[in-house]
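K.L.:
I have a structure I would like to understand better, so I am pasting it below and will then ask my questions one at a time.
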Amino acid sequence: MDSNTIDYEALLKHAFRAKEYAYAPYSGFKVGAALITAGGRVYTGANIENASYGATCCAERTAVFSAVSCGDRKIAAIAIASDSENTIFPCGICRQVLTEFGDGEMDIVCGKRNGEYTVYKLHELIPQAFELT
Ligand SMILES: [Zn+2]
């Protein structure tokens with residue numbers, strides 16, 4: 001999978017579907033994510049909040065951890081969906097996590113409630129990411 005073969009709209013639809021499984025009783029802000037691996041498999045995730053707020057996990061990391069825990073460690077693209085009329089972006093922690101399982105050319109499909117989206121490269125969203133060197 002690369003930028004030429006990834007169906008961004010289909011991936012975003014998976015993200016919107018995943019959003020319905022969000023557990024967000026505290027913020028009320030439901031987020032869904034769907035990623036596609038280099039091998040073409042799709043994994044989804046939703047944000048999962050907790051009464052101990054620090055234990056909350058974002059939709060993007062839920063999707064990444066699902067993929068990695070199934071042995072898929074090479075992410076080609078990830079789409080993010082919410083109910084906001086504004087474009088949604090991954091938070092800083094999720095950007096850092098994404099750098100672990102893909103290169104800077106990973107596509108980040110940032111959606112709006114109405115289905116419009118903008119595609120960024122990971123290196124645009126987290127330039128000079130932390131890495132152990
Ligand atoms: Zn996040």
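The values are calculated or read from the model by the stated rules, or taken from the named source; none is laboratory data. Keep in mind the model is a prediction, meaning the values are calculated, not measured. Accessible surface is based on the protein model in full, side chains and every heavy atom, while ligands, DNA and RNA are left aside. Shrake-Rupley method; radii C 1.70, N 1.55, O 1.52, S 1.80 Å.
K.L.:
Taking only protein heavy atoms into account and a 1.4 Å probe, give the accessible area per residue of the chain in Å².
P.N.:
Using a 1.4 Å probe on heavy atoms only, each residue of the chain averages 54 Å².
K.L.:
For the chain, with all protein chains present and a 1.4 Å probe, just round the carbon and sulfur fraction of the accessible area to a whole percent.
P.N.:
Reported share for carbon and sulfur atoms: 51 percent.
K.L.:
Taking amide H positions as placed in the peptide plane 1.01 Å from N, state which residues far from A76 in sequence (5 or more) or on other chains have amide H under 5 Å from it.
P.N.:
Correct list: I36, T37, A38.
K.L.:
In what order, largest first, do Y23, Y53 sit by accessible area if the probe radius is 1.4 Å?
P.N.:
Y53, Y23
K.L.:
Please list D7, D72 in order of solvent-accessible area, largest first, computed with a 1.4 Å probe with all protein chains present. Each step should come with its number before you reach the end.
P.N.:
Numbers: D7 95, D72 40 Å².
Ranked list, largest accessible area first: D7, D72.
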